[in-house]
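Note sheet for the following structure.
Bear in mind these aren't lab numbers, they're just calculated from the coordinates by the rules spelled out. Quantities reported herein were computed from a predicted structural model and do not represent experimental measurements. No Cβ is skipped: glycine too gets one built from the backbone with ideal geometry, and neighbour counts run over all protein chains shown.
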Amino acid sequence: MSHQMMSRRAFALSALAGAAALTGCTANQAASSGSTAGSGSSSSDLKKITFALDWTPNTNHTGLYVAQERGYFKDAGFDVTILQAPENGADSLVATGEAQFGVSFQDSMASYLTGDSVLPVSAIAAIIQHNTSGIISLADKGITSPAKMMDHTYATWEMPIEQGVIKRCVEADGGDYSRVKMVPETITDEVSALSSNQVDSIWIFWAWAGEKCKLAGLDVNYFAFADIDSVFDYYTPVIIANDDLIKNDPDTVQAFMDATRKGYEDCIKDPDGTADILLKAAPELDRDLVVASQRYLADQYQADASAWGLIDQNRWDAFYSWIAEQGFVPELASGAGLSTDFIKA
């Protein structure tokens with residue numbers, strides 16, 4: 001079976017449809033540095049840090065902008081630049097040291113943790129504690145569970161792990177996976193795609209696409225993959241760091257993560273106020289969608305964990321064991337691509 005992993009680009013296009021309207025946005029235009037609060041140290045006294053986003057700014061990233069706006073990075077001794085990653089994502093920038101930190105996803109990381117394509121990066125914090133992705137469809141399609149996807153169309157990215165997840169869920173629900181009608185399609189506007197019957201079902205991340213469908217008044221059915229099988233409660237998205245930085249300068253990693261954690265804790269306590277901070281950094285985003293998404297994620301960033309950012313190695317390993325069993329990647333060592341040293345309960 002192919003070892004090709006699901007493109008996070010495809011995931012992002014679906015999850016961040018509202019941000020797809022951004023035009024003419026370069027990395028320099030997206031970059032943001034400094035803060036409006038903090039200790040008052042001159043920029044020359046601060047250590048320069050580059051953080052690479054996985055995509056355009058959105059509510060997955062709000063805690064970073066909060067840490068910047070409220071001076072948490074500056075207080076920790078950092079001058080942080082937040083930039084959009086190139087087409088191949090943040091991982092390569094972090095691997096080469098062009099960025100010290102970035103956003104990635106556990107499933108896409110698996111493709112470069114073994115073999116000839118190893119990248120020296122590790123996940124150091126979970127931005128969202130549980131996998132909030134799943135399948136959405138119009139209620140009148142009757143797709144109330146995975147087996148009900150049979151004889152309906154599904155927008156597929158034609159990626160092995162993506163289709164493997166769908167197959168596992170359909171079959172676990174007693175369905176026949178061969179009867180799911182795969183339609184190669186990258187959906188950038190879920191509301192239009194569902195309303196026009198372009199497809200019957202779409203893989204989404206609820207925090208953005210689900211809230212967008214709610215705001216549009218669509219009557220939908222939705223099931224989350226993590227509710228179907230606990231092995232699919234993997235970590236998406238995560239903050240990654242360069243392995244050399246982790247090894248040679250753990251104090252910098254710890255200080256950066258302490259400041260970042262404060263930003264996300266603010267998002268949990270004050271979703272409306274922190275939504276304003278994200279909108280200040282990215283005013284082209286839709287306000288209603290950002291506020292709705294921020295309110296939803298306020299309960300999801302930490303969820304039932306004892307602290308924001310914690311990663312359970314058992315859950316991490318369980319997902320990697322499953323994808324190795326399916327032949328999507330070679331077998332991975334326990335804790336591959338993971339450092340749990342910088343987030344403590």
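Assorted remarks:
- Part-to-part distance (alpha-carbon centres) for segment 174-205 and segment 242-266, which is given in Å: 39
- For segment 227-329: rounded, prolate or oblate by the Cα gyration tensor [a/c cutoff 1.5]: oblate
- Förster-model FRET efficiency, 56 Å R0, Glu171 and Lys269, C-beta, rounded to 0.05: 0.85
- GluC sites (Glu not before Pro) restricted to segment 94-164 and DSSP loop, no more than 16 other C-beta within 10 Å: Glu98, Glu158
- Three-way shape label, segment 59-165, alpha-carbon gyration tensor, a/c 1.5: oblate
- Label corresponding to Kirkwood radius over Cα pairs in Å when calculated from the structure given, among (1) 20.4; (2) 19.7; (3) 21.1: (1)
- Judged by the mean number of other Cβ atoms found within 10 Å, the most tightly packed of the peptides 114-125, 74-85 leads the ranking 74-85, 114-125.
- Calculated from backbone phi, Karplus (6.51, -1.76, 1.60) coupling profile of segment 337-342 in Hz, x at Gly/Pro: x, 9, 10, 9, 7, 10
- Acute angle (nearest 10 degrees) that the helix 287-298 long axis makes with the longest principal axis of the chain, alpha-carbon atoms: 90
- Counted residue by residue at 0.36 nm each, then reduced by the alpha carbon distance between them, the extension gain from Ala345 to Glu284 reaches 18.3 nm.
- Under 5 Å between amide hydrogens, built in the peptide plane, is the criterion, and for Gln302 it picks out Gln129 among residues at least 5 positions away or on other chains.
- Full-stretch length increase - Gln313, Asn248 - with 0.36 nm per residue and alpha-carbon distance subtracted: 21.1 nm
- Taking every alpha-carbon pair under 8 Å whose residues sit at least 6 apart, the chain reaches a relative contact order of 28 percent.
- Long-range amide H partners of Ala307 with built H, under 5 Å: none
- Angle between the chain longest axis and helix 160-172 axis [Cα atoms, degrees, rounded to 10]: 50
- Residues Tyr301, Tyr320, sorted so that the one with the fewest Cβ neighbours within 10 Å comes first: Tyr301, Tyr320
- Degrees separating the helix 271-281 axis from the principal Cα axis of the chain, which is the longest one: 70
- Distant-in-sequence amide H partners of Asp79 (H built 1.01 Å from N, under 5 Å): Lys47, Lys48, Ile49
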